[in-house]
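Report on the structure given below.
The values are calculated or read from the model by the stated rules, or taken from the named source; none is laboratory data. None of the values given here were measured: they were computed from a predicted structure. Methodologically, a virtual Cβ is constructed for each residue, glycine included, from the backbone with ideal geometry; neighbour enumeration extends over all protein chains shown.
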Amino acid sequence: MLFCMQRLVVCRHMAFFTGSILAVLIILTVIDEDVLSVEHVLALMTILGLVMTVCRVLIPNEVRCCSFVTYKLQYCSFVPGLTATCVMPSF
C-alpha cells in the first residue's frame, strides 16, 4: 500500500511538472512558430506529452473522481443521504 501511495504522489507531480513545461512550449509555439525550428523542441514536446500521458494513466480514476467530488461538495448547501444536512461553503 505504501508503494502505491508513493507512486501516486510521484505520478501526480510528474504529470504536473511535464504538463506545465508542455503548456509553456505550446503557448510559445502559438505566439511564434520559430520556436519549433530550435533544435529538439518538437522531440521534447513529444516526450513531455508521452510522459504526462503515462503518468495520467497510472493515477487511478477513483483518486481523480474523489478529489473532484469533495471539491464540489464544499459548495453544496444540502447533500441528500448524508447525516450532516448543512455544509457551509467557505467564502
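Residue-wise test of (1) within 17 Å of P60 (Cβ to Cβ); (2) modelled with pLDDT of 90 or more.
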{"position": "F3", "(1), (2)": "yes, no"}
{"position": "V9", "(1), (2)": "yes, no"}
{"position": "R12", "(1), (2)": "yes, no"}
{"position": "G19", "(1), (2)": "no, yes"}
{"position": "I27", "(1), (2)": "no, yes"}
{"position": "V30", "(1), (2)": "no, yes"}
{"position": "S37", "(1), (2)": "no, no"}
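Considering each residue of the stretch 1-33, count those that are out of contact with any helix residue (DSSP H, G or I) (no Cβ under 9 Å at 6 or more places or on another chain) and either in contact (Cβ under 8 Å) with a residue 12 or more places away in the chain or of a type in the set (S, T, N, Q) (or both), and give that number.
2
Which residues, counting only those in the stretch 24-45, are surrounded by fewer than 12 Cβ atoms within 10 Å (Cβ to Cβ) and either assigned to a helix (DSSP H, G or I) or within 12 Å of the chain's Cα centre (by Cα) (or both)?
Answer for the stretch 24-45, where residues must be surrounded by fewer than 12 Cβ atoms within 10 Å (Cβ to Cβ) and either assigned to a helix (DSSP H, G or I) or within 12 Å of the chain's Cα centre (by Cα) (or both): V24, I27, V30, I31, E33, D34, S37, A43.
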